[in-house]
Amino acid sequence: MNMKINDTVLNKIQFTKRNEKENISVVGPVRLPIKQGDFEVTFQWYSWQEVAAGLSKEQMIEQLPQMNLAFGQQSSVLVYGDFKNADDAIVRMHSICHTGDIFGSQRCDCGYQLHESMKMIVEHGCGAIFYLANHEGRGIGLFSKSIAYLLQEDGMDTVEANHALGFEDDTRSYEDAIKVLEVLRKKPITLITNNPNKLKAMEAHGLSVDKHIPLWGGVTETNQFYLETKVKKAGHILTEKGGVDSEERSVLHEPRA
């Protein structure tokens, strides 16, 4: 192995079992300074990748040029504070949204939720954002999502569009993210989510979730129908505690014109 790959690097790689044939390799922390307008903070960044069981750290690094990782997607974790040891930590399991997170699309509330979660974690003093790269369009992928958007422009809601393309409502899995969470923290967490399925996934895995914090905001004319659908068809939690002001709540409860 290249002598430049020293123990400093190797000590920041951890393996955890994924299944009988694969491990998950977690790399980090990496110091990641972030600036978004007036919001400026340094997170500790982790990334993970599935690798063959039995592979050593050195062997994995040697195989990187042959793994063609640029043609796939890898997930990330942004950690703030003493995430391993703090008694109280908040966590956001955030599904990738290419259009909302990168371009600032107003067809959804994903970008708002991502950036607001970052601020909430910093204000809280301890937490983590899991950025889940294989969750685009609730698991259908970016290309399929673009076609689903065309169907929505023709009058379907987001659930109907997925069904029309032969997909289920939601095909996302949180299993790998939960395994990585258990590498980084053993104590209970508070989940930032409106989605009851995320809470069920944590509970099914035996993970201790003390409570959850709903996160609503930024309701606009262009994402109102999408948010209504999440509440009415996916059972997303809409509460006073969730940060929706009275005007936004009334909009979400009103039928679409």
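The values are calculated or read from the model by the stated rules, or taken from the named source; none is laboratory data. No experiment lies behind these values; they were computed from the predicted model shown. Quick reminder, even Gly has a Cβ in these numbers, built from the backbone with ideal geometry, and neighbours come from all protein chains shown. Note: accessible area is taken over every heavy atom of the protein model, side chains too, but ligands, DNA and RNA are not part of it. Shrake-Rupley method; radii C 1.70, N 1.55, O 1.52, S 1.80 Å.
Go through (1) modelled with pLDDT under 95; (2) over 25 Å from S144 (Cβ atoms) and name the single condition L78 misses.
Exception for L78: condition (1).
Listed residues K84, K35; which is open to solvent by 60 Å² or more (accessible area, probe 1.4 Å), within 30 Å of G125 (Cβ to Cβ), more than 17 Å from the chain's Cα centre (by Cα) and at pLDDT below 95?
From the options K84, K35, the qualifying one is K35.
May I ask you to list pairs of residues, at least six apart or on different chains, whose Cβ atoms are under 9 Å apart, with the first in segment 167-181 being within 21 Å of Q49 (Cβ to Cβ) and among the charged types (D, E, K, R) and the second being in a loop (DSSP other than H, G, I, E, B) and open to solvent by 30 Å² or more (accessible area, probe 1.4 Å)?
Close Cβ pairs satisfying both conditions: R172/N134; E175/R18; E175/H205; D176/R18; D176/N134; K179/R18; K179/H205.
Please verify whether segment 116-132 includes one or more residues that are hydroxyl-bearing (S, T, Y) and without any contact (Cβ under 8 Å) to a residue 24 or more places away in the chain.
Applying the first criterion (hydroxyl-bearing (S, T, Y)) to segment 116-132 yields 117, 131.
Pick out the ones that are also without any contact (Cβ under 8 Å) to a residue 24 or more places away in the chain and you get none.
Checked segment 116-132: no residue is hydroxyl-bearing (S, T, Y) and without any contact (Cβ under 8 Å) to a residue 24 or more places away in the chain.
Being polar (S, T, N, Q) and not in a loop (DSSP other than H, G, I, E, B) is the filter here; which residues of segment 1-50 pass it? I'd like the intermediate steps shown before the answer.
As a first pass, look at segment 1-50 and keep what is polar (S, T, N, Q): 2, 6, 8, 11, 14, 16, 19, 23, 25, 36, 42, 44, 47, 49.
Within segment 1-50, T8, Q14, T16, N23, S25, Q36, T42, Q44, S47, Q49 qualify.
Tally time: how many residues in segment 1-32 are over 22 Å from the mean Cα position of the chain (by Cα) and either touching a residue at least 60 places away in the same chain (Cβ under 8 Å) or exposed (fewer than 11 other Cβ atoms within 10 Å of the Cβ) (or both)?
Total satisfying the criteria: 10.
Restricting attention to segment 77-100, report how many residues are assigned to a helix (DSSP H, G or I) and touching a Cys at 6+ places or on another chain (Cβ under 6 Å). I'd like the intermediate steps shown before the answer.
Within segment 77-100, the subset assigned to a helix (DSSP H, G or I) is 98-100.
Adding the requirement that they be touching a Cys at 6+ places or on another chain (Cβ under 6 Å) leaves 100.
Qualifying residue count for the region: 1.
Give the number of residues within segment 165-193 that are under 13 Å from the mean Cα position of the chain (by Cα) and open to solvent by less than 60 Å² (accessible area, probe 1.4 Å). Spell out the reasoning first.
In the first step, residues of segment 165-193 are kept if they are under 13 Å from the mean Cα position of the chain (by Cα); the result is 172-178, 180-181, 191-193.
Keeping just the survivors that are open to solvent by less than 60 Å² (accessible area, probe 1.4 Å) gives 172, 174, 176-178, 180-181, 191-193.
Matching residues across segment 165-193 total 10.
For segment 51-60, does any single residue satisfy the condition of being in a strand (DSSP E or B), open to solvent by less than 20 Å² (accessible area, probe 1.4 Å) and under 30 Å from A148 (Cα atoms)?
In the first step, residues of segment 51-60 are kept if they are in a strand (DSSP E or B); the result is 51-52.
Going one step further and asking which of them are open to solvent by less than 20 Å² (accessible area, probe 1.4 Å), we end up with 51.
If we keep only those that are under 30 Å from A148 (Cα atoms) too, we end up with none.
Looking through segment 51-60, none of the residues is in a strand (DSSP E or B), open to solvent by less than 20 Å² (accessible area, probe 1.4 Å) and under 30 Å from A148 (Cα atoms).
What number of residues within segment 146-162 are modelled with pLDDT under 90 and either surrounded by 13 or more Cβ atoms within 10 Å (Cβ to Cβ) or at positive phi (or both)?
First, pick out the residues of segment 146-162 that are modelled with pLDDT under 90: 148-149, 152-162.
In the following step, the residues that additionally are either surrounded by 13 or more Cβ atoms within 10 Å (Cβ to Cβ) or at positive phi (or both) were identified as 148-149, 152, 155-162.
Total satisfying the criteria: 11.
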